[in-house]
Amino acid sequence: MQDNIPVYLFTGFMDSGKTSLIEETLFENDFTDGAKGLIIMCEDGDCEYDVEKLNKVNFDVVEIESEADFTPERLKELADKYQPEQVFIEYNGTWPISHILEIELPVQWMIVQTLSTVDANTFMMYMQNMRAMMQEQLICSDVVIFNRCDESVDKRQFRMNIKGFNRKAQIVYEREDGSLDDTPEELPFDLDQDIIEISDADYAIWYMDVMENYKKYNNKKVKFRALVANPDKLKKGIFIPGRFVMTCCVEDITFIGLKAKYPNEDQIPDKSWIDLTAKIKIEFDMGYKGKGPVLYPISIEPAEKPEDDLVYFS
């Protein structure tokens, strides 16, 4: 049986750098290893492909100009004509992602990775004014690449906005010259404290960090003000302390919290406010489908509802 043919999906708005990323992958990173490939270009941006160089790495490029022409029949025609062993699709930034995710691909074609490019200079403007369209392009991304970054870029703000709707995405920052900026982001709290105190303003940042980098929190103690989620459907000995978070607007508000194991959980009313001090242990949990952070309360004190009960990713 013939192996599946990998399809790499590139998304992002026009002129966000999709073409440049594809060429960099093919010409600089020696990605193809001689395998016959096909680029399906769905929009005509400022950067054009160097067809002569593509031929040297055994790649062809074709264009599908309209969403109406992006059909199973057209894709099958291309599969039969070019017989590619790998496919790159440069997707149009104005077409809905659902179109390609729901379409019937040619036999053995399989999307194995989705990469998205974002111009760091326009990201926050788009998030504020064209939020739905921006999220549409990034919500299924495995890798989000912020390019054209300079010293003024607030990486933490970018990261929190992306993680607000796509927690699985790996985020990469690329400088103007194309080099990677892998400078660690500074955290607004001290991990070396005996008890790490998390302010309301820093809760969302802490939550994302403990979820992504949970190993460094093993056996650490933490204190924060939390809203209790303790519905009857939870197992005995479990409650969820957390906060409602807003990424960009009211439609984004969602509850984020960590599982807490506590034998007297029935004494902690649902929707009550508490000041929680707990020890974090990293252990296997079905909710994580692997290992993750679990809270073991040390002290629980009743607390007043904050004046602003929301926390924010940005």
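The values are calculated or read from the model by the stated rules, or taken from the named source; none is laboratory data. Since the model is a prediction, treat every value here as computed from it, not as a measurement. So basically every Cβ, Gly included, is an ideal-geometry build from the backbone, and we count neighbours across all protein chains shown.
Quick notes
- Looking across region 270-296, the residues that are assigned to a loop (DSSP other than H, G, I, E, B), loosely packed, with under 15 Cβ neighbours inside 10 Å and under 28 Å from the mean Cα position of the chain (by Cα) come down to M286, G287, K289.
- Meets criteria (basic (K, R), under 16 Å from V7 (Cβ atoms), without any contact (Cβ under 8 Å) to a residue 40 or more places away in the chain and not in a loop (DSSP other than H, G, I, E, B)) for K53: no
- Residue under evaluation K216, criteria (1) charged (D, E, K, R); (2) farther than 25 Å from S272 by Cβ; (3) surrounded by 13 or more Cβ atoms within 10 Å (Cβ to Cβ), criterion not met: (3)
Here is a yes/no grid of residues against (1) outside the structural domain of T117 (by TED's automatic domain parsing); (2) on the phi > 0 side of the Ramachandran plot; (3) assigned to a strand (DSSP E or B); (4) over 24 Å from the mean Cα position of the chain (by Cα):
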{"site": "T25", "(1), (2), (3), (4)": "no, no, no, no"}
{"site": "L38", "(1), (2), (3), (4)": "no, no, yes, yes"}
{"site": "V61", "(1), (2), (3), (4)": "no, no, yes, yes"}
{"site": "E65", "(1), (2), (3), (4)": "no, no, no, yes"}
{"site": "K81", "(1), (2), (3), (4)": "no, no, no, yes"}
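- Among the criteria (1) out of contact with any Phe, Trp or Tyr (no Cβ under 8 Å at 6 or more places or on another chain); (2) surrounded by fewer than 16 Cβ atoms within 10 Å (Cβ to Cβ); (3) within 18 Å of T25 (Cβ to Cβ); (4) not aromatic (F, W, Y), the one L180 does not fulfil is (1).
- Among (1) over 20 Å from Y288 (Cβ atoms); (2) among the charged types (D, E, K, R); (3) surrounded by fewer than 12 Cβ atoms within 10 Å (Cβ to Cβ) - the single one E174 does not satisfy: (3)
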